[in-house]
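Contents: one structure, followed by commentary.
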Amino acid sequence: MGEDTDAAPTLNHHGFLPDHNYVTDADIISTVEFNHTGELLATGDKGGRVVIFQREPESKTEPFSQGEYNVYSTFQSHEPEFDYLKSLEIEEKINKIRWLPQQNAAHFLLSTNDKTIKLWKVSERDKRPEGYNLKDEEGRIKDISTVTSLQVPVLKPMDLMVEVTPRRVFANAHTYHINSISVNSDYETYMSADDLRINLWNLDITDRSFNIVDIKPANMEDLTEVITAAEFHPHHCNLFVYSSSKGTLRLCDMREAALCDKHSKLFEEPEDPSARSFFSEIISSVSDVKFSHSGRYLLTRDYLTAKVWDLNMESKPLETYQVHDYLRSKLCSLYENDCIFDKFECAWNGADSVIMTGAYNNFFRMFDRNTKRDVTLEASRESSKPRAVLKPRRVCAAGGKRRKDDISVDSLDFTKKILHTAWHPTENIIAIAATNNLYIFQDKLNSEMH
Amino acid sequence: SSQQHQEAVHHCASSRCGEDSHGKLYKNDTETQLYSLKMYSIIHIFYNTIYDEDEVLLALAEQLGNFTMLVGGPEYVHCLLPPLESLATVEETVVRDKAVESLRKISQEHSPVDLEVHFEPLVKRLASGDWFTSRTSACGLFSVCYPRVSSTVKAEIRQHFRTLCSDDTPMVRRAAASKLGEFAKVLEPEYVKSDIISLFTALASDEQDSVRLLAVEACVSIATLLPQEDLETLVMPTLRQAAEDKSWRVRYMVADKFSELQKAVGSEITKNDLVPAFQNLLKDCEAEVRAAAANKVKEFCENLPEDNREQIIMTHILPCVKELVSDTNQHVKSALASVIMGLSTILGKDNTIEHLLPLFLAQLKDECPEVRLNIISNLDCVNEVIGIRQLSQSLLPAIVELAEDAKWRVRLAIIEYMPLLAGQLGVEFFDEKLNTLCMAWLIDHVYAIREAATCNLMKLVEKFGAEWAQNTIVPKVLGMANDPNYLHRMTTLFCINALSEACGQEITTKQMLPVVLKMSNDQVANVRFNVAKSLQKIGPVLDSNALQTEVKPVLEKLATDSDMDVKYFAQEAISGMFDFLLSTKLLNFNSLNFIFLLFFLCSFGPSITIPNQRLQDGICHGTLSNQTLKVIACLSQLHTFTSSAASSFVLCGKNTK
């Protein structure tokens, strides 16, 4: 991306959901994920649905339509359930979606709610058999007495149909809520992390998984931290990282032992005693961790900052970016309205040179690691028309000098939060989930270059 | 795929013409051709309609391997290749594997020419497919076509295999690594050295753990193919490296395959290399590896060269084993406990007493019940070498402790070893020390334990005989019939069910039956219907007089019980008893018995359902000609004798005339 933070991305596609003036809880997007080529984009919502978007192929007649993402398939991934043994309701909300590397014409994705992970196959069908012996064209069973000869059914072309079929259900392995899933680079296994444990699964085997991390203390009263996110290294099948609510990252090597309770590296920034407050521990909790595409760096997000860590330096982060430092003085009210517990995600661009993460008031932030420039952009219907150029926004800290178009901290809408964002694996296309709307922005320069 | 299909159909057609010119019957050929075309379309449509039902695809992949005759015999077998080819590329591993299995099977039915014209191109297509699924499937096909193709094609196949061994995706490299040994076996010796070794070395140092560990498996096959003098330079460096791999999963694989490796590399290398490697694995920092190695201790020691086996074990292996006895991980200890007793036969009496016995005793006192159980379950090995007496002093407390373990599964496990222990310890020791335990289990509060305890009693009686049972077990069991707890009273019935056959007719009739009959007046319905069940169960052991005079009235009484279940089981018992009588008595047909039986049936009157089918069978099988009249006389009294039985009887009568 480099220059594009300033080159203003254009809004390419508007919210996909119908123009409701009200937002039902079920429509709130809970995860966004591009597949490995970027041709497909999947979103999951609180209603347990998964919507898959496909990028339209290049078209000469409509130059603008190139790269536009349109709905490819929608399906219900999870249903609300009830755990009778524990008297607990299990929400259908999709916590995470992860695509598997493509292995044939079909695409596969893993989706998970709090307890159950499912493997889905997304495939196309363009032929159907005709001329059955016992069924007529409408599928009604024929009267046997009218069948006098046997014929071989034939395949006839039909309109393209996208089918989504459940292939595996990985259930009953998590006592706590699943927060992350991650596919290993060996393409054979994946892991799922809940608050206290991480399990390793084989993609073909649903009836057993191996526990690789267990931080549950013998006595739950001794519990001081929980696992907040976990991810496999993009290239080294044996390495994975998990983050904790105490703001630490642990890198584990599965070669060393079957149970990775002992980390091989601990990434932790020493606490600044002068800045210590009641909220220190809450705001230092890591809400997301992502390996860079190169596998060299780690990107983490806590409540106020995004940090880039070098795998070779455990003592402190390489770079720290303030996402919305102006909230530091508002922590008390953010604690009261529970916003302080919001779990913001973060994303790398394809070249690992820019990072992106969400904020409040439908704002999201981008930081260029080379030029050290940053930008605040807004994803909302009011401010962005299709194919319009996004204007940078600025939040003016309380007491600061206010310029034209600046927004004061006090007028930020904390109910409009951008928690989930995703970056196309190679191009400058980003997907932003703002409550029930999905925005896809594309770098204008980039698209013209192609 | 439909284009492929078209092409395949053309293939079929053109090859058919060729055969025609060789002077085959044209008409016949066309029919076969049409038939196989049709067959092919059916397969094709079938495949496309249900293509997302894994189980159907799996069945299809399997069945196609048996379709050779259905498509017109071996000369048309290549018609099966296109559908199997597409099945070999689906994402579902089991389907793919099954398709490859079928392809391997039908490859044998191809003529050498067809193999090169049809089969080998398919292998090449799969090997250069876009998706990894087809390339993984190709890996399994090289070895079946290699031996039967020309040398140019052979060179191509070797090249394809080389390419797949360095494929981008780990899945394909895994598939290649797992087929490396198999492929090496069909290769000419010179290529094993020139090709396979370099591939093996590359795979064994792959960046993916899952690939490297599969190379260990290939190591076994490759080592058996090479002459002894080449092993040291070509295989051992890689094997040494695998045994010290950074990843515990690779070391685990080495430990797991250790016996095979040991056999493959021979005794010299074992002595010099594998012994230290094995010591390291036994001391590995990862418990999984230690457990896998511990599992192999006995096998490894057994296969050591005999000339200095004892010396190697005593100086190198035993010290490690001693450490493992007090390992921190219970899986390691229990893996060791399951094989350690086997060392006594290898080391002989003196060494066992001096070195192994202390270890056994330590494991018998281990905190983990599984370890103790594993020792107890393998006592027979030690019994042969030093006699069990040496152990019995420590054995007893261990058994008692397990017998009273808080976990019922542990109690269950020790009960299952009781008959074995009883056999080895002898009847006196048993009576003195263990009998009380066995009886105590009968009143355990877990049903599964009570059930296992009754089964255990049966096995003990089978071992020690009816007389022993009469003196030691039966009185105690029957005594429980007066227990205030109805569950214990029921246990008496369950024991009687289990013991009656082993105790024989006399004990059953004289001692057990009166107790059972008395219990038919129990106030708990569960006991009463179990009486009915027991009577049915012990019926075969009783003599017919007792059945008639004692069992019958009681069952009849129970059949009119106020409780529904009691009534039901009493009637079941009555008809079940006929069932038994009919099946056994009629097989050795004896006119008097049969007539007695019929009268017996008649005496129950119309309230009883007679198993008609049995009766029918009996009539048809019995050589009834000279008894016909007597039978008719009996049957006429049976009110429930149905028309179907009657008709078969009539039929039978006609035949015999």
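Mind checking whether some residue in segment B:238-252 is away from every other protein chain (no Cβ under 14 Å), surrounded by fewer than 23 Cβ atoms within 10 Å (Cβ to Cβ), touching a residue at least 24 places away in the same chain (Cβ under 8 Å) and touching an Asp or Glu at 6+ places or on another chain (Cβ under 8 Å)? Yes, because at least one residue in segment B:238-252 is away from every other protein chain (no Cβ under 14 Å), surrounded by fewer than 23 Cβ atoms within 10 Å (Cβ to Cβ), touching a residue at least 24 places away in the same chain (Cβ under 8 Å) and touching an Asp or Glu at 6+ places or on another chain (Cβ under 8 Å).
Return only the number of the condition from (1) buried (at least 21 other Cβ atoms within 10 Å of the Cβ); (2) closer than 23 Å to B:Arg389 by Cβ that B:Thr491 does not satisfy. Result: B:Thr491 fails condition (2) only. The residues of segment B:256-289 that are within 16 Å of B:His316 (Cβ to Cβ) and within 14 Å of chain A (Cβ to nearest Cβ) amount to a single one, B:Asp284.
Name the residues in segment B:91-126 that are of a type in the set (S, T, N, Q) and surrounded by fewer than 20 Cβ atoms within 10 Å (Cβ to Cβ), would you?
Selection gives B:Thr93, B:Gln108, B:Ser111.
Among the strands (runs of 3 or more DSSP E) confined to segment A:187-239, there are none with at least 3 residues that are of a type in the set (D, E, K, R).
Quick one: would you say A:Ser123 is surrounded by 13 or more Cβ atoms within 10 Å (Cβ to Cβ) and within 13 Å of chain B (Cβ to nearest Cβ)?
yes
Just checking, which of A:Lys290, A:Lys330 is among the basic types (Lys, Arg) and over 17 Å from A:Leu251 (Cβ atoms)? Step through it out loud before you land on a result.
Values: A:Lys290 fails: over 17 Å from A:Leu251 (Cβ atoms).
Going through A:Lys290, A:Lys330 in turn, just one is among the basic types (Lys, Arg) and over 17 Å from A:Leu251 (Cβ atoms): A:Lys330.
Listed by position, the helices (runs of 4 or more DSSP H) contained in segment B:217-334 that have at least 2 residues being under 30 Å from B:Leu361 (Cβ atoms), charged (D, E, K, R) and under 30 Å from the mean Cα position of the chain (by Cα) are B:287-295, B:297-302. Among the residues of segment B:150-169, those that are in a loop (DSSP other than H, G, I, E, B) and either out of contact with any Asp or Glu (no Cβ under 8 Å at 6 or more places or on another chain) or crowded, with 18+ Cβ neighbours inside 10 Å (or both) comprise B:Ser166, B:Asp167, B:Asp168, B:Thr169. Taking the numbered list (1) in a helix (DSSP H, G or I); (2) over 28 Å from B:Glu462 (Cβ atoms) in turn, B:Lys433 passes all entries but (2). Take A:Thr248 and tell me if it is under 20 Å from A:Lys343 (Cβ atoms), over 25 Å from the mean Cα position of the chain (by Cα) and β-branched (Val, Ile, Thr). When the stated conditions are applied, A:Thr248 does not pass them. When segment B:127-149 is filtered for residues that are part of a helix (DSSP H, G or I) and surrounded by fewer than 17 Cβ atoms within 10 Å (Cβ to Cβ), only B:Pro147 remains. For segment B:203-230, a tally of residues being under 17 Å from B:Val254 (Cα atoms) and either in contact (Cβ under 8 Å) with a residue 40 or more places away in the chain or of a type in the set (Gly, Ala, Ser) (or both) returns 17. With respect to (1) closer than 21 Å to A:Lys316 by Cβ; (2) within 14 Å of chain B (Cβ to nearest Cβ), the lone exception for A:Leu249 is condition (2).
Does B:Val77 satisfy being among the aliphatic types (A, V, I, L, M), crowded, with 19+ Cβ neighbours inside 10 Å and more than 14 Å from chain A (Cβ to nearest Cβ)? In short, yes. Note on segment B:398-419: residues that are in contact (Cβ under 8 Å) with a residue 24 or more places away in the chain and surrounded by fewer than 21 Cβ atoms within 10 Å (Cβ to Cβ) amount to 12.
So if I check each of A:Ile205, A:Ile227, A:Ile282, which one is over 20 Å from the mean Cα position of the chain (by Cα) and within 24 Å of A:Thr116 (Cβ to Cβ)? Please lay out each step first, then the result.
Working: A:Ile227 fails: over 20 Å from the mean Cα position of the chain (by Cα); A:Ile282 fails: within 24 Å of A:Thr116 (Cβ to Cβ).
That would be A:Ile205, the only listed residue that is over 20 Å from the mean Cα position of the chain (by Cα) and within 24 Å of A:Thr116 (Cβ to Cβ).
Identify all residues within segment A:145-192 that are over 27 Å from A:His78 (Cβ atoms) and of a type in the set (A, V, I, L, M, F, W, C); write none if there are none. Hits for segment A:145-192 are A:Val147, A:Leu150, A:Val152, A:Val154, A:Leu155, A:Met158. Within segment A:137-182, being acidic (Asp, Glu) and either on the phi > 0 side of the Ramachandran plot or surrounded by 12 or more Cβ atoms within 10 Å (Cβ to Cβ) (or both) holds for one residue alone: A:Glu163. Assess whether A:Leu100 counts as being touching a Leu at 6+ places or on another chain (Cβ under 9 Å) and more than 9 Å from every other protein chain (Cβ to nearest Cβ). The answer is yes for A:Leu100. Scanning segment B:58-73 for residues that are without any contact (Cβ under 8 Å) to a residue 40 or more places away in the chain, part of a helix (DSSP H, G or I) and surrounded by fewer than 20 Cβ atoms within 10 Å (Cβ to Cβ) gives B:Ala59, B:Gln63, B:Met69, B:Leu70. Looking at A:Lys96, A:Lys60, A:Lys86, just one residue is at pLDDT 95 or above and out of contact with any Lys or Arg (no Cβ under 9 Å at 6 or more places or on another chain), and that residue is A:Lys96. Quick check: anything in segment A:76-94 more than 19 Å from A:Thr175 (Cα to Cα), away from every other protein chain (no Cβ under 14 Å), touching a residue at least 60 places away in the same chain (Cβ under 8 Å) and not basic (Lys, Arg)? No, because not a single residue in segment A:76-94 is more than 19 Å from A:Thr175 (Cα to Cα), away from every other protein chain (no Cβ under 14 Å), touching a residue at least 60 places away in the same chain (Cβ under 8 Å) and not basic (Lys, Arg).
Selection within segment A:126-175: residues that are free of Cβ contacts under 8 Å to residues at least 12 places away in the same chain and aliphatic (A, V, I, L, M). The member of this set that is farthest from the other protein chains (Cβ to nearest Cβ) is A:Ile144. Restricting attention to segment B:544-580, the residues that are under 15 Å from B:Val516 (Cβ atoms) and in contact with a helix residue (DSSP H, G or I) (Cβ under 7 Å, 6 or more places away or on another chain) total 12. A:Ser111: closer than 30 Å to A:Asn95 by Cβ, within 11 Å of chain B (Cβ to nearest Cβ), modelled with pLDDT of 75 or more and surrounded by 17 or more Cβ atoms within 10 Å (Cβ to Cβ), yes or no? No; evaluated as a whole, the condition is false for this residue.
The values are calculated or read from the model by the stated rules, or taken from the named source; none is laboratory data. Given the structure is predicted, the values throughout are model-derived calculations rather than measurements. Cβ atoms come from the backbone with ideal geometry, glycine included; neighbour counts cover every protein chain shown.
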